[in-house]
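S.K.: I am attaching a structure below and will ask some questions about it afterwards.
The values are calculated or read from the model by the stated rules, or taken from the named source; none is laboratory data. Small disclaimer: the values here were computed from a predicted structure and weren't measured. Here the Cβ positions follow ideal geometry from the backbone for every residue, glycine too, while neighbour counts run over all protein chains shown.
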Amino acid sequence: MSAVPRPPSHAPSPGLSRAWLLRTWSLTFLALATLLVAAPARGQGYAVSTESRLATQAAMAQLQAGGNAVDAMVTATFVAGVASPTSSGIGGGGFALVWDAATQTSWLLDFRETAPKQLDAAAFERRPLPWAERGKLVGVPGEVAGLYQLHQRYGKRSWQQVMQPAIAAAQSGFPVEGHLARMLVSSADTLKQEPGLAEVFYPNGKPVGQGTILKNPKLAATLQAIAAGGPAAFYEGPIAEDMVKSVRAAGGGLTLEDLKAYRTIERTPLRASWEGFDVHTMPLPSAGGVLLLQTLALFNKAELVKLGFDSGAYQHLLAEGMRGAVADRMRYLGDPAVQPADLPALMAPERLAKRRASLSIHRTHMPMRFGLEGTGTHHLVTADAAGNMVSLTTTVNRLFGAKIVATESGVVMNDELDDFTAQASVVPYGMKQSPNRPRPGARPLSSMTPTIVVKDGVAVLGIGGSGGPTIPTNVTQLLLGRLAFDMPATKLVSSRRFYLPHRSWTLALEKGAPQTLFDDLARRGEIVGTMPFTTSAVQLISLEGRRKVAAADPRKGGFGAAR
């Protein structure tokens, strides 16, 4: 899937009509009706795994219509922003990792949000901020620019074709899925304070229930404008003015100049070889890839298999290795544009060998304190019959982001700047200021870990997750479950996981873990608690034999399909 030259017919068409959209959406639904009967979660052709059934279905329809993995990903991400707005949307940003089978190369695009020039850095030291100041946490959104650039580089179908399912879903209606329905109930008191959320999700003052067909006409009109005018329709003009006005009314510093100046960044993926596999993952400004590769470098397959997947010894030793990576995150990592980090030194074999020698099967180091909240992220994976694969994580950060909906355009704005680190958080590390401190124009450090594993030139695993700082620990555990233990994808996403919490515990287990595991970990010095939430999830596509297996995490009601 080398870069595709964009013919004139792929340029945004100002004449895009509602009738055309509804007609093509109807044809898409007819295709889906056939697809859902015929498409198992295993297939030799193409596969999709996301946290939204509707997003997966729309992506599969793009693949069936002749699109490639990038076309499917762009469609799925836009649809997810409509049907799964707790986690993603055009008011946010993310990272996309592509495996191009034709050129045998990986390509990575950073469309992370950035801090506006009028950033109030002092406010970040007194979080949580009052409701009237929540706009201070809004970063310049990058999703529209990122998806457009991704599509222009690799897409086969037109921009209008990949966007139309999201437009039609917002305009004609989409079924409320389980995770969205649960979040609307559990956070009703907070969410109803925002008129834009109350208008769509709380008609008559009550949350819409699962299965309700919901429309979002303001967002539909915004998406239609983007389909017709490209990113300029979002970053300039009435939509941009509406976002700025809404954010500034909530105390934020976003300006029209910030929006117009936003740029994506092409980055070089981090790469490492492990037991015959080539692992491609996310570099800075995410710390997720660093944790993944540092942890892999500490262990070999034989010693992990000897410990046994799910054993107390295995979980303890992995957690010990991950804590070292968390310490590196706090001490050294931030946006490389404003805080250079010497990654080769941090990843040096001699340094990691010394760390490995300090780890004991019977001793626990002091916990590394970092936040564990994070509910507004969505991971998606697509693969096509030509062997191309895309692993993309998109986010508005926490639940419905900043809980600001732009008044006229219906855009849910992110609160991504909350990912900047407060000065108090680095005091236990002997530091006076964080490398991830808030600065104008900076991209806050992320935990997102889109990853693709290649063996003998073939993409054999695409994986990533949601759930804030739980993402890299989850991805690492499941990646090892596949590469070291050869566990099937469907078993992996349902398997028990551990977490590194920020509370007085050193390790947290999911509800339902056996008491014997708690006791075993305690004997090794761990202070073990129970995970306080269950909304972190991992999505993956795995090549098992000759068949692609799409596995979606049941924790957020994800949906995988393959053909």
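S.K.: Can you tell me which residue in the stretch 86-124 is surrounded by the most Cβ atoms within 10 Å (Cβ to Cβ), limited to those that are among the aliphatic types (A, V, I, L, M) and closer than 30 Å to A386 by Cβ? Talk me through it step by step, then tell me what you get.
M.R.: Just the residues of the stretch 86-124 that are among the aliphatic types (A, V, I, L, M), to begin with: 90, 96-98, 101-102, 108-109, 115, 119, 121-123.
Adding the requirement that they be closer than 30 Å to A386 by Cβ leaves 90, 96-98, 101-102, 108-109.
Details: I90: 31, A96: 27, L97: 26, V98: 27, A101: 21, A102: 11, L108: 22, L109: 22.
Residue satisfying both the conditions and the ranking: I90.
S.K.: Can you name every residue in the stretch 419-457 that is among the basic types (K, R) and at pLDDT 95 or above?
M.R.: Once the filter is applied, which keeps residues that are among the basic types (K, R) and at pLDDT 95 or above, the stretch 419-457 yields R437, R439, R443, K455.
S.K.: Continuing with this model, one more query. Quick check, is V244 out of contact with any strand residue (DSSP E or B) (no Cβ under 7 Å at 6 or more places or on another chain), more than 25 Å from R524 (Cβ to Cβ) and of a type in the set (A, V, I, L, M)? Steps first, please.
M.R.: Values: out of contact with any strand residue (DSSP E or B) (no Cβ under 7 Å at 6 or more places or on another chain): yes; more than 25 Å from R524 (Cβ to Cβ): yes; of a type in the set (A, V, I, L, M): yes.
Here the answer is yes, as V244 does meet what is asked.
S.K.: Going through the stretch 71-107 one residue at a time, which ones are in a helix (DSSP H, G or I) and in contact with a Ser or Thr (Cβ under 8 Å, 6 or more places away or on another chain)?
M.R.: Listed by number, the residues that qualify are A72, M73, A76, T77, V79, A80, G81, A83.
S.K.: Right, something else. Specify the residue that is farthest from A69 (Cα to Cα); the eligible residues are those in the stretch 142-171 that are assigned to a loop (DSSP other than H, G, I, E, B) and touching a helix residue (DSSP H, G or I) at 6+ places or on another chain (Cβ under 8 Å).
M.R.: Only one residue fits best here, namely S158.
S.K.: Cβ-Cβ distance below 6 Å, separation of 6 or more or different chains: which pairs start in the stretch 470-488 with a residue that is free of Cβ contacts under 8 Å to residues at least 24 places away in the same chain and over 14 Å from M282 (Cβ atoms) and end on one that is assigned to a loop (DSSP other than H, G, I, E, B) and not hydrophobic (A, V, I, L, M, F, W, C)?
M.R.: So the pair list comes out empty.
S.K.: Filter the stretch 546-563 down to the residues that are of a type in the set (G, A, S) and assigned to a loop (DSSP other than H, G, I, E, B), then identify the one that is surrounded by the most Cβ atoms within 10 Å (Cβ to Cβ).
M.R.: Result: G558.
S.K.: Would you check which residues across the stretch 489-509 are of a type in the set (G, A, S) and surrounded by 22 or more Cβ atoms within 10 Å (Cβ to Cβ) and list them?
M.R.: Listed by number, the residues that qualify are A489, A508.
S.K.: Would you check which residues across the stretch 40-54 are of a type in the set (A, V, I, L, M, F, W, C) and either under 16 Å from S466 (Cα atoms) or not in a helix (DSSP H, G or I) (or both) and list them?
M.R.: A41, A47, V48
S.K.: Something else now. Go through the residues of the stretch 410-426 one by one and say whether even a single one is surrounded by fewer than 24 Cβ atoms within 10 Å (Cβ to Cβ) and assigned to a strand (DSSP E or B).
M.R.: No, there is no match, as no residue in the stretch 410-426 is surrounded by fewer than 24 Cβ atoms within 10 Å (Cβ to Cβ) and assigned to a strand (DSSP E or B).
S.K.: Tell me, which residue of the stretch 172-200 that is charged (D, E, K, R) and part of a helix (DSSP H, G or I) is surrounded by the most Cβ atoms within 10 Å (Cβ to Cβ)?
M.R.: The qualifying residue surrounded by the most Cβ atoms within 10 Å (Cβ to Cβ) is R182.
S.K.: Just give me the residues in the stretch 502-545 being assigned to a loop (DSSP other than H, G, I, E, B), basic (K, R) and either in contact with a helix residue (DSSP H, G or I) (Cβ under 9 Å, 6 or more places away or on another chain) or closer than 30 Å to V460 by Cα (or both), in sequence order.
M.R.: Scanning the stretch 502-545 gives a single hit, R524.
S.K.: Under the condition of being at pLDDT 90 or above and within 25 Å of D553 (Cα to Cα), which residue from the stretch 517-536 is surrounded by the fewest Cβ atoms within 10 Å (Cβ to Cβ)?
M.R.: The qualifying residue surrounded by the fewest Cβ atoms within 10 Å (Cβ to Cβ) is T530.
S.K.: Another question, if that's okay. Going through A250, A240, A232 one at a time, which residue ends up being free of Cβ contacts under 8 Å to residues at least 24 places away in the same chain and crowded, with 21+ Cβ neighbours inside 10 Å?
M.R.: Values: A250 fails: free of Cβ contacts under 8 Å to residues at least 24 places away in the same chain; A232 fails: crowded, with 21+ Cβ neighbours inside 10 Å.
Only one candidate qualifies: A240.
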